[in-house]
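Read the structure below first, then the notes.
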């Protein structure tokens with residue numbers, strides 16, 4: 001079996017939307033549905049964000065991991081700059097933006113997920129290794145990501161790769177079908 005990581009393209013939009021849905025535990029698609037103008041399919045909002053030339057969900061900031069030519073997961077990430085912190089967000093995400101502000105200078109793993117049928121095969125670790133390589137190439141001192149405290153599988157996975165909790169805040173996304181939880185800022189020095 002051959003595993004490869006490649007730059008995402010617009011043709012990966014469906015995969016990237018699936019990764020965003022999984023990584024956000026359905027919160028982002030629910031939020032898009034709330035903000036979609038009448039008559040606009042909420043999926044179109046997500047598609048536009050993925051197809052954009054830049055932005056926190058752009059395909060240009062994403063890589064896809066494949067095994068034997070089958071796309072099985074993806075990572076969306078970038079160096080976190082102070083400018084990224086200035087972008088307006090819905091009020092529910094204000095606590096996340098406060099955590100992200102602590103990651104300025106680090107390479108930020110915005111979204112990462114491996115399709116359920118491909119988990120447990122080292123693909124997530126491969127994506128994190130790619131993030132580390134990109135962080136080093138960009139001159140970033142470390143990696144940062146935010147994960148729900150209730151997602152114990154993910155937090156344990158990140159800890160096994162050397163991430164530690166830097167900070168946390170209450171993240172109330174119960175209005176979007178998710179459980180009230182803390183959001184954890186996890187970091188890894190390179």
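Only the coordinates and a few stated rules stand behind these numbers; no lab work does. Since this is a predicted model, take the numbers as computed values, not measurements. Cβ sites come from the backbone with ideal geometry, for glycine too, and all protein chains shown count toward neighbours.
In this simple spin-label model, placing a label point 7 Å from the Cα along the Cα-to-Cβ direction at both residue 160 and residue 118 gives a separation of 1.8 nm.
Using a cutoff of 8 angstrom between alpha carbon atoms and counting only pairs six or more residues apart, the relative contact order for segment 94-190 works out to 32 percent. Estimated from helical segments only, the mean residue ellipticity of the chain at 222 nm is -10000 deg cm²/dmol, where each DSSP H run of four or more residues counts as -39500 (n - 2.57).
Modelled this way, with points 7 Å down the Cα-to-C-beta line, the labels at residue 36 and residue 11 are 2.7 nm from one another. Solvent-free Debye calculation, one equal scatterer per alpha-carbon of segment 3-189: log10 I(q)/I(0) at 0.15 Å⁻¹ equals -0.89. Sorted ascending by nearby beta carbons within 10 Å, beginning with the fewest, 104, 50, 173 become 104, 173, 50.
Considering only 36, 148, 74, the mean-square fluctuation computed in a Gaussian network model of the chain, springs between alpha carbons under 10 angstrom, is largest for 36. Summarising the label geometry, the points placed 7 Å from Cα in the beta-carbon direction at residue 3 and residue 129 lie 0.6 nm from one another. FRET efficiency for the residue 138 to residue 170 pair, using the beta carbon distance and R₀ = 30 Å, is estimated at 0.45. As a ratio to 2.2 N^0.38 Å, the alpha-carbon radius of gyration for segment 79-165 is 1.14. For the chain, modelled as a GNM whose springs connect Cα atoms under 10 angstrom apart, the maximal fluctuation among 70, 138, 129 occurs at 70. Computed over the chain with a Gaussian network model linking Cα atoms closer than 10 Å, the most mobile of 63, 109, 40 is 40.
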